[in-house]
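What follows is a short report on a single structure.
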Amino acid sequence: MDIRVDPALAAPPFEQVRDQIAAQIMDGRLADQARLPAIRALATSLGLAANTVAKAYSELEASGLVVTAGRNGTRVVGQTVADAGLTGAADAYIAAARRRGLDTDALVSLVRTRAAS
């Protein structure tokens, strides 16, 4: 796993770590069930505080890309499981929008606007 933190970037270190791991999961460089480095080990190798890496891992877990099992470490969740989480979120969004009377074009427009911001 190749991660680099650039202090010159506006994004805080935990976001850089989170985004790079997420990208590696999504493009297949980190395979299903791959074990991520221990928080302290990754923090040490990147010159970061353990809490910084812990926050990145926590956000990855909240997004459904990894699962943490205590002493068994943090592992990549299979893409189908991660996709199911996104599908569920999309379904909930669509249902809420429909209840408010939005049609498909309005839904797509709203998503594009929010994604661009």
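The values are calculated or read from the model by the stated rules, or taken from the named source; none is laboratory data. This one's a predicted model, so the numbers in the text were calculated from it and none came from an experiment. Cβ placement follows ideal geometry from the backbone for every residue including glycine, while neighbour counts extend to all protein chains displayed.
Annotations for the structure displayed:
- For segment 94-117, taking the residues that are of a type in the set (S, T, N, Q) and within 22 Å of the chain's Cα centre (by Cα), the one that is modelled with the highest pLDDT is identified as Thr113.
- Some residue of segment 32-52 being of a type in the set (A, V, I, L, M), out of contact with any Phe, Trp or Tyr (no Cβ under 9 Å at 6 or more places or on another chain) and farther than 18 Å from Asp2 by Cβ: yes
- Gln16 fulfils the conditions (1) closer than 18 Å to Ala54 by Cα; (2) in a loop (DSSP other than H, G, I, E, B) except for a single criterion, (2).
- Taken over segment 1-52, the criterion of being basic (Lys, Arg) and not assigned by TED's automatic domain parsing to the domain that holds Asn72 is satisfied by Arg4 alone.
- Arg4 in a helix (DSSP H, G or I), farther than 26 Å from Ala89 by Cβ and not polar (S, T, N, Q): no
- For Ala82: the one exception among (1) at pLDDT 95 or above; (2) of a type outside the set (Phe, Trp, Tyr); (3) surrounded by 13 or more Cβ atoms within 10 Å (Cβ to Cβ): (1)
- For segment 38-54, filtered to residues that are closer than 16 Å to Arg71 by Cα and either modelled with pLDDT under 95 or out of contact with any helix residue (DSSP H, G or I) (no Cβ under 8 Å at 6 or more places or on another chain) (or both), the residue that is surrounded by the fewest Cβ atoms within 10 Å (Cβ to Cβ) is Ala41.
- Failed item in (1) modelled with pLDDT of 90 or more; (2) more than 17 Å from the chain's Cα centre (by Cα), with Asp91 passing the rest: (1)
The rows are residues; the columns are (1) free of Cβ contacts under 8 Å to residues at least 24 places away in the same chain; (2) buried (at least 17 other Cβ atoms within 10 Å of the Cβ).
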{"residue": "Ile21", "(1), (2)": "no, yes"}
{"residue": "Ala31", "(1), (2)": "no, no"}
{"residue": "Leu36", "(1), (2)": "no, yes"}
{"residue": "Gly64", "(1), (2)": "yes, no"}
{"residue": "Arg71", "(1), (2)": "yes, no"}
{"residue": "Arg98", "(1), (2)": "yes, no"}
